[in-house]
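The values are calculated or read from the model by the stated rules, or taken from the named source; none is laboratory data. No experiment lies behind these values; they were computed from the predicted model shown. All Cβ positions, glycine included, derive from the backbone under ideal geometry; neighbour counts span all protein chains shown.
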Amino acid sequence: MSLKAVHLVFVTALSALCFGTAVWKFRDYFGPHGVPGDLGFAVVSVLCGGLVLIYGRYFLKKLKSIGYL
Amino acid sequence: MDIPYTVQPRPDTGVYNAKVGMWLFLASEVMLFGGLFSAYILLRVSAPPDTWPQGWLSVPLGTLNTLILALSAITTLMAWAACKARMFDRYKVYQGVTLLLALVFLSIKAYEYRDKLTHYTVTLKDGRIADGHLVSRDDTTVVLDGQFVESRAHLMNPKRHPAKHEEIRISMDEVKRLQNYGPAYNTFTALYFTMSGLHALHILGGMLVFAYLWGPGSRMWKTDPARFTNRVEIAGLFWHFVDLVWIFLFPVLYLT
């Protein structure tokens, strides 16, 4: 498994963390003790998750010639 | 005598030897961190209500460190890709940026540790409990920037029991117990310092390897660029593992 494959795993885990954090913060915001900061954190997390996915596509395109092993 | 399979893949494994070695090492690392994560989760779920700290760590600083490590993973990959494309100057830039990012990560971690190690809980002989950051301490008096709390349970979730901090002067004659938020404070701090400290040691180890590959080790580029590129790749594999560990550590320690 090459660095490219491991990087793909890393990007997947990072996007999962971003979207997971977003879900957690949205739940906090709509819960009984929600504050505007929770909503801000959730929105930024969604944006970061989107950026990570866009980066993932970019790096796969850029390193097309390098194998996964 | 040449060391075999430093560049060419070994026929039976399909990859060069250093990569097999690194994967075996990472497998042992998974077991090491896996044991610690298991210990954390079991202790966390079995903790009685109001005995497990929440909101003790700074989420903005943790988020910043996550961002820094994510960027360093990208620069590590770019450094390897630059070697593959035979662009040594670009490799130097990316590897140098990785080193700087790692240094910033450790600096933030050191700041967080300092914050915890200067945070004290003082139990007085009359049963009162004071909690806050240490301002000064000598043989006669301890001064905290903090608050008096009704019980230790109130310390577990500062957001649920907000209080105004003020300067508290306590005579040492009144003090029954003085304890900072170090590893011996409670189960959470013990796990926090053990897991994040072990992770920080891995960051330090990675920095040493990167510094070598960026500095004296980069001479190999002139004599054997393919082998040097493979060295950069396996160092990158290790770095990605360390980054992945942080992706699990961050939600477990900071967000739960």
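What to note about this one:
- Among the residues of region B:205-256, those identified as assigned to a helix (DSSP H, G or I), within 14 Å of chain A (Cβ to nearest Cβ) and farther than 20 Å from B:Ala81 by Cβ are B:Val245, B:Trp246, B:Ile247, B:Phe248, B:Leu249, B:Phe250, B:Pro251, B:Val252, B:Leu253, B:Tyr254, B:Leu255.
- Candidates B:Ala190, B:Ala130, B:Ala153: the one that is in contact (Cβ under 8 Å) with a residue 40 or more places away in the chain and either surrounded by 15 or more Cβ atoms within 10 Å (Cβ to Cβ) or in the same structural domain as B:Phe88 (by TED's automatic domain parsing) (or both) is B:Ala130.
- Residue count, region B:115-145 (criterion: of a type in the set (Gly, Ala, Ser) and farther than 30 Å from B:Gly62 by Cβ): 1
- Just one of the listed residues (B:Tyr113, B:Tyr120, B:Tyr91) is of a type in the set (Phe, Trp, Tyr), more than 29 Å from A:Leu47 (Cα to Cα) and in a strand (DSSP E or B), namely B:Tyr120.
- The lone criterion from (1) more than 10 Å from every other protein chain (Cβ to nearest Cβ); (2) farther than 20 Å from B:Ile68 by Cα; (3) surrounded by 14 or more Cβ atoms within 10 Å (Cβ to Cβ) left unmet by A:Pro36 is number (3).
- All positions within region B:43-90 that are of a type outside the set (A, V, I, L, M, F, W, C), surrounded by 14 or more Cβ atoms within 10 Å (Cβ to Cβ) and more than 9 Å from chain A (Cβ to nearest Cβ): B:Arg44, B:Asp50, B:Pro53, B:Gln54, B:Ser58, B:Gly62, B:Asn65, B:Ser72, B:Thr75, B:Arg90
- Boolean, A:Ser45 is on the phi < 0 side of the Ramachandran plot, in contact (Cβ under 8 Å) with a residue 60 or more places away in the chain and within 10 Å of chain B (Cβ to nearest Cβ): no
- Count of region B:139-150 residues which are more than 20 Å from B:Gly182 (Cβ to Cβ) and either in contact (Cβ under 8 Å) with a residue 24 or more places away in the chain or among the charged types (D, E, K, R) (or both): 4
- Screening A:Val23, A:Val9 for residues that are under 14 Å from the mean Cα position of the chain (by Cα), within 8 Å of another protein chain (Cβ to nearest Cβ) and under 23 Å from B:Val245 (Cβ atoms) leaves exactly one candidate, A:Val9.
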